[in-house]
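Enquirer: After the structure tokens below, expect a handful of questions from me.
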């Protein structure tokens with residue numbers, strides 16, 4: 001079995017991997033997302049959502065390489081953001097931000113981008129990384145002010161990219177998607193398989 005280390009604190013990514021037969025080892029990343037994003041925007045004011053999630057996924061994966069538990073394993077970092085009407089939307093954190101965001105999302109369309117960075121750390125003296133971004137169009141339902149208020153009150157949208165989930169309470173407010181549903185959760189299994197194959201790793205070897 002090939003060991004997979006997940007450099008993420010996301011319960012959704014962990015649950016997705018487990019449902020797919022993979023029991024990853026968790027090592028929490030030590031990457032300052034706000035500082036990294038600000039620095040990247042200073043260098044490139046036109047930073048795209050795809051470039052941003054790729055950058056943060058790489059930073060998260062690389063931040064855990066000093067942990068001995070990552071030696072001999074493949075290490076996966078991930079990050080997600082919603083591109084909506086020219087803005088890049090991460091986690092809202094505050095209820096007021098989530099309320100305002102959902103008033104705009106209601107009845108509209110955005111694109112959820114998930115960045116993946118996989119490091120082959122089976123030889124810790126020579127780690128090798130590869131990245132890929134997956135994007136899925138999300139069509140949001142037209143929902144009432146009361147539904148928005150009740151959803152935000154649950155706290156769920158405060159801690160997820162774009163202020164919504166597809167695999168939780170927010171799934172009821174999504175009309176449809178165009179693309180990989182796992183991308184919207186934050187981790188594309190298809191992308192993981194393709195990145196692993198690039199390192200000569202047979203994807204079923206991840207299965208527990």
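Bear in mind these aren't lab numbers, they're just calculated from the coordinates by the rules spelled out. Just so it is clear, the model here is predicted, and its values are computed rather than measured. Methodologically, a virtual Cβ is constructed for each residue, glycine included, from the backbone with ideal geometry; neighbour enumeration extends over all protein chains shown.
Enquirer: Per-residue counts of other Cβ atoms within 10 Å, averaged by peptide: what ranking do you get for 184-196, 121-133, highest first?
Expert: Values: 184-196: 22.0, 121-133: 15.1.
Answer by packing, highest mean first, reads 184-196, 121-133.
Enquirer: If packing is taken as the average number of other Cβ atoms within 10 Å across a peptide's residues, how do 5-11, 143-149 rank, most packed first? Each step should come with its number before you reach the end.
Expert: Details: 5-11: 20.9, 143-149: 13.1.
Highest mean packing first, the order is 5-11, 143-149.
Enquirer: For residue 137 and residue 15, calculate 0.36 nm times their separation in residues minus their Cα-Cα distance, and state this gained length in nm to one decimal.
Expert: Working: separation 122, 0.36 × 122 = 43.92 nm, distance 2.22 nm.
Working it through step by step, the gained length comes to 41.7 nm.
Enquirer: Taking a label point 7 Å from the Cα of residue 175 along the Cα→Cβ vector, which residues of region 101-115 have an amide N closer than 12 Å to it?
Expert: 106-110
Enquirer: Please list the three semi-axes, largest first and in whole Å, of the ellipsoid equivalent to region 4-206, using sqrt of 5 times the eigenvalues of its alpha carbon gyration tensor.
Expert: Equivalent ellipsoid of region 4-206: 30, 18, 15 Å, largest first.
Enquirer: Quote the relative contact order of region 125-208 in percent (integer), defining contacts as alpha-carbon pairs under 8 Å separated by 6+ residues. Could you put the intermediate results ahead of the total?
Expert: Working: 69 pairs, mean separation 28.5, N = 84.
Relative contact order of region 125-208: 34 percent.
Enquirer: Okay, moving on. Please arrange 71, 93, 113 by counting, for each residue, the other beta carbons lying within 10 Å of its beta carbon, fewest first. Show your work: numbers first, answer last.
Expert: Values: 71 16, 93 11, 113 25.
So the ranking, lowest neighbour count to highest, is 93, 71, 113.
Enquirer: Relative to a virtual label point 7 Å from the Cα of residue 158 in the Cα→beta-carbon direction, which members of region 90-109 show backbone nitrogen distances below 16 Å?
Expert: Backbone N within reach: 91-102.
Enquirer: Rank by packing, highest mean first: peptides 152-159, 201-208, with packing defined as the count of other Cβ atoms within 10 Å averaged across residues.
Expert: 152-159, 201-208
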